[in-house]
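Before any comments, here is the structure.
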Amino acid sequence: MPTFHADWFSQNIPVWEKFLAHLKGREYIHGLEIGCWEGRSTCWLLQNIFTHPTSKMTVIDPFLGNPENIVEGYEEKVPEIFEANIKEIGASDRVTLHQMKSIDALRHMNLHDDSIDFAYIDGSHVTKDVLTDLCLTWPLVKKGGIIIMDDYGYAKPSMDAVPRHAIDIFQMIFRKEIIELHREWQMIWRKI
């Protein structure tokens with residue numbers, strides 16, 4: 001059984017089941033996750049949606065944590081916890097972890113345009129970082145692919161952390177290529 005110390009994910013499961021059902025059990029599905037922490041959402045995806053042995057995930061996280069939630073010294077243990085959780089569910093061979101900032105990983109990874117079926121953006125909450133993640137992720141996502149952005153409702157203006165601003169600006173610019181599927185704490189789009 002995987003080990004998790006926080007649960008910021010489980011409340012999203014009913015919505016994810018609805019909008020990711022078409023990917024369940026399919027061959028050669030490729031997911032991208034920016035911000036995985038202990039791997040709760042990664043494990044759920046691998047156990048419930050990307051269930052075919054040919055499905056895989058590329059995961060990016062520098063494991064620096066969110067300043068509001070840091071417990072001194074804990075972030076140093078998180079990469080080991082993530083890897084142990086992935087191993088526990090028997091999916092180590094289907095996950096590629098890039099332990100670095102998303103801007104560095106996305107610029108230097110060998111991912112091709114239109115290669116991603118699903119992207120989950122839950123990394124930095126800093127507005128400019130969210131916009132950068134969207135800009136670098138967008139070309140990688142196939143037409144018909146699903147993009148989920150977390151923390152649409154999060155706002156810490158004093159820390160320049162308002163993901164909604166980046167998401168709204170991106171959606172305004174790319175409105176002819178986006179179908180909005182869901183808007184609450186998370187925003188969900190289909191790329192068209």
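Read-outs: derived from the displayed coordinates by stated rules, not from any lab. Bear in mind that the values here come from a model prediction, so they are computed numbers and not experimental data. A quick note on method: Cβ atoms are made from the backbone with ideal geometry, for glycine too, and the neighbour counts reach across all protein chains shown.
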Relative contact order for segment 1-110: what is it in percent, counting Cα pairs under 8 Å that are at least 6 residues apart?
31 percent
In segment 132-192, what GluC sites (Glu not before Pro) fall in a loop by DSSP, with at most 14 other Cβ atoms inside 10 Å?
184
Over the chain, how many pairs of lysines fall under 13 Å by alpha carbon, counting only those 8 or more apart in sequence or from different chains?
5
Please tell me the relative contact order of segment 16-191 in percent, rounded to the nearest whole number, where contacts are Cα pairs under 8 Å and at least six residues apart.
20 percent
With 0.36 nm assigned to each residue of separation and the Cα-Cα distance removed, residue 1 to residue 158 gains 52.6 nm
Potential lengthening between residue 88 and residue 174 on full extension [0.36 nm per residue; Cα-Cα distance subtracted]:
27.0 nm
For a Förster distance of 25 Å, can you work out the FRET efficiency between the beta-carbons of residue 48 and residue 143, rounded to the nearest 0.05?
0.55
Which residue, 22, 182, 98, tops the fluctuation ranking in a GNM of the chain built on C-alpha contacts under 10 Å?
22
Net +/- balance of residues flanking residue 127 in space, Cβ distance below 13 Å, scoring K and R +1, D and E -1:
-2
